[in-house]
Amino acid sequence: MGGSSVCDGTLSLDEFNASARALVTKWRGIDVDALPDWEWRPCRKMGVPSETEGFVALEGVYRTRAGGQIEESSDDSVPDDAVEHDTSVQSSRDNVHLYDFHIVYSFSYKVPVLYFQGLQAGGQLLTLDEIKKDLPPHSLQLLNKSKWTFITREEHPHLSRPWFTLHPCGTSDWMKLLLHKLGDKDRSLQYLPAWLSVAGQAVGLKIPLKLYCSS
């Protein structure tokens, strides 16, 4: 598979699509109780699903604060009283946030870009300051210190709504370093798992170590 672009830390659209589908398949083969599955979402043009353009989605990730600690879980594992719309459990609802994550291909930078948004239990969008409170300390340090990972707010290219995103500036530079350690075998297919080892960490998304290991 075309490795010339991967060697410089970038991906072609075809390589992104192949790596995205490999990520979806490998994720489903890993026992990840705390998180839902990544899914491939084809884009729609004139009402018809595109065969060449789409994105990867991980949706329905709940983050709760318990005793000052941040806990991550899927929709199925969140207690009913944590999302109940009753004033008697208002304090519980305030500690539960819902997150969606999308991996989208950037034609400008030729790299994947992580788009995400958080919502309160009542459906209100979280602000950046509220999102940062949900991040573990090491994620905040990474965002504050790294010149390669910082959050902006941009229009989602496939949904036409503003989402938060990790800016792709510098992605090809650090991906070139990561991919060099992987060797030449199926490097493009390993691109997204390797990329998630940094992008996921920056937003506090727990990614199982098995995802980075070669089959």
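For trypsin sites (Lys or Arg not before Pro), the sites in segment 91-191 that DSSP calls loop and that have at most 12 other Cβ atoms within 10 Å are Lys147, Lys181, Lys185.
Stretching Lys132 away from Asp14 to a fully extended chain increases their span by 39.1 nm, per 0.36 nm per residue minus the current alpha-carbon distance. Between Arg28 and Thr152, the simple label model (points 7 Å from Cα in the Cβ direction) yields a spacing of 3.4 nm.
None of the figures in this text is laboratory data; all of them are computed from the coordinates on show. Everything numeric here is computed off the predicted structure, so don't read it as measured data. Here Cβ is always computed from backbone atoms with ideal geometry, including for glycine, and neighbour counts include all displayed protein chains.
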